[in-house]
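Data first, discussion second: the structure below is written as structure tokens.
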Amino acid sequence: MNILVVDDEKDIRTLFEQKFRKEIRDKVFNFKFAHSGEEALGLLEDSKIVLILSDINMPGMSGLELLRRVRGIFPAAPPKVFMITAYGDKDNRERANKLGADDFLNKPIDFTSLREKIAEEQTE
């Protein structure tokens, strides 16, 4: 499963590689990482991304703008888009849902829950 993680925090790659070490080693998940919405859009053109995990609050293009643009290119999944934010406020959740988000996760990420959600995506 090809998963794109979009977050301006540089250490997010290390965190995901640690938390999903076994799945990466066993080639269950193939993670790509982008540090901006613009970079993410470029990666979408060349990859068969099935799931996007995107931070909402990023400099430049926000995660919500990225979601809007992804849904303009891919009106329906795939890719599914899970929005991630440190701010679990109602307004961001509503905006993400209106723009076509498939799920909404809060930081710090609960990796056990995320692993379960990804497993559900694989069985659909």
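The values are calculated or read from the model by the stated rules, or taken from the named source; none is laboratory data. Predicted model only: the values in this text are computed from it and were never measured. So basically every Cβ, Gly included, is an ideal-geometry build from the backbone, and we count neighbours across all protein chains shown. These area figures cover heavy atoms from the full protein model, side chains too; ligands, DNA and RNA do not enter into them. Shrake-Rupley method; radii C 1.70, N 1.55, O 1.52, S 1.80 Å.
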Check: Expressed as an acute angle from 0 to 90° and rounded to the nearest 10, what is the orientation of the C-alpha long axis of helix 90-99 relative to the principal long axis of the chain?
Finding: 90 degrees
Check: With labels modelled as points extended 7 Å from the Cα through the Cβ direction, what inter-label distance (nm, one decimal) is found for A77 paired with S113?
Finding: 1.7 nm
Check: Roughly how tilted is helix 63-73, in degrees to the nearest 10 and between 0 and 90, from the longest Cα axis of the chain?
Finding: 90 degrees
Check: Using modelled backbone amide H atoms (1.01 Å from N, in-plane), which distant-in-sequence or interchain residues come within less than 5 Å of F33's amide H?
Finding: V5
Item checked: Net charge of neighbours whose Cβ lies under 12 Å from the Cβ of T14, counting Lys and Arg as +1 and Asp and Glu as -1 -> 0
Next item on the list: For segment 51-62, take each phi angle, set θ = phi - 60°, evaluate the Karplus expression 6.51 cos²θ - 1.76 cosθ + 1.60, and give the result in whole Hz per residue in order, putting x for glycine and proline.
Entry: 9, 10, 10, 10, 5, 7, 8, 9, x, x, 6, 6
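I need the trypsin sites (Lys or Arg not before Pro) found in segment 33-107, filtered to DSSP loop residues with at most 12 other beta carbons within 10 Å of theirs. Provide the component values of the computation, followed by the final result.
Values: sites: K48, R68, R69, R71, K80, K90, R93, R95, K98; in loops: K48.
Hits after loop and neighbour filter: K48.
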Next item on the list: With an 8 Å cut-off on Cα pairs and a minimum separation of 6 or more residues, tell me the relative contact order of segment 1-117 in percent.
Entry: 24 percent
Notebook entry, point to check: Tell me, how many Å apart are the Cα centres for segment 93-121 and for segment 1-45?
Noted result: 15 Å
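Please report, as a whole percent, how much of the solvent-accessible surface of the chain comes from carbon and sulfur atoms (probe radius 1.4 Å). Walk me through the numbers before you get to the answer.
Values: 3300 of 6870 Å².
Here it works out to 48 percent.
Determine the shape class of the chain: with a ≥ b ≥ c the square roots of the Cα gyration tensor eigenvalues, call it rounded for a/c under 1.5, and otherwise prolate if a/b is greater than b/c, oblate otherwise.
On the way: a/c = 1.34, a/b = 1.26, b/c = 1.07.
Rounded is the answer for the chain, as its axis ratio a/c remains below 1.5.
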Check: When ligands, DNA and RNA are left out and all protein chains stay put, how many square angstrom of accessible area per residue does segment 1-123 have with a 1.4 Å probe?
Finding: 55 Å²
Checklist line | Prolate/oblate/rounded label for segment 55-124 (Cα gyration tensor, a/c 1.5) | finding: oblate
Check: Given charges of +1 on the Cβ of Lys and Arg and -1 on the Cβ of Asp and Glu, with all other atoms neutral, how large is the dipole of segment 1-89 about its Cα centre, in debye to the nearest 20?
Finding: 440 debye
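Could you pull out the trypsin sites (Lys or Arg not before Pro) across segment 1-45 that fall in loop regions by DSSP (anything but H, G, I, E, B) with no more than 10 other Cβ atoms inside 10 Å? Let's see the in-between values first.
Values: sites: K10, R13, K19, R21, K22, R25, K27, K32; in loops: K10, K27.
Sites meeting the loop and neighbour criteria: K10, K27.
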